[in-house]
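Below: one structure, written as structure tokens.
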Amino acid sequence: MRKLYPFTLILFVLFLSACTQDGIVSTNYTIKAGQSFGMCIGNCFQELSLNSREAVLRVDDRGLPNNEEAEVYAKTEVSAEEWNRWTSSVDKEVFLALDDVYGCPDCADGGAEWLEIQSPDINKKVVFEYHNPPAAIADLVEELREKRDEMFEQ
């Protein structure tokens with residue numbers, strides 16, 4: 001019985017370290033979704049940055065005279081349900097196969113949008129014309145656009 005105790009302890013430690021490692025992998029993702037307009041006055045740039053814990057909205061005002069507050073931040077917690085839905089809504093291989101640019105983003109001041117995923121094994125940004133995402137990411141882009149708008153209105 002005494003010989004089983006060290007063996008059991010070693011297995012328990014290995015089990016805990018395996019669980020921790022999985023947690024690190026699942027929380028090292030950042031998703032960014034944004035929009036910008038080049039020839040614009042006011043809130044011309046918005047970027048929502050998400051991880052498993054929080055959503056941060058960055059808004060830049062451009063072209064406003066005497067504007068001392070060029071960046072506005074809104075923060076909110078991200079629920080496990082939201083995070084799981086967002087991270088599972090796009091297949092990694094499909095996302096990596098997408099082109100980096102679609103159409104002519106912000107040409108003739110039509111605006112640009114993007115979706116970016118950063119993790120230990122992915123660093124990819126897809127830029128496209130405003131409100132015209134590639135079909136493979138359209139649902140996620142729409143949901144993140146709604147989240148961005150919701151946070152902007154707070």
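So here's what we get for this one:
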{"quantity": "Exposure proxy order (Cβ contacts within 10 Å, fewest to most) of 56, 94, 126", "calculated": "94, 56, 126"}
{"quantity": "Alpha-carbon Rg with Dmax, taken over the stretch 27-153, Å", "calculated": "14.7, 46"}
{"quantity": "Residue order, fewest to most beta carbons within 10 Å, for 73, 130", "calculated": "73, 130"}
{"quantity": "Nearby lysines by direct alpha-carbon distance to residue 75 (threshold 26 angstrom, same-chain neighbours under 8 apart not counted)", "calculated": "32, 124, 125, 147"}
{"quantity": "Phi-based couplings in Hz for the stretch 119-128 (Karplus 6.51, -1.76, 1.60; Gly and Pro marked x)", "calculated": "7, x, 10, 9, 8, 9, 10, 10, 10, 8"}
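Bear in mind that the values in this text are calculations on the coordinates, not laboratory data. Values in this document were obtained by computation on a predicted structure and should not be read as measured data. Cβ atoms come from the backbone with ideal geometry, glycine included; neighbour counts cover every protein chain shown.
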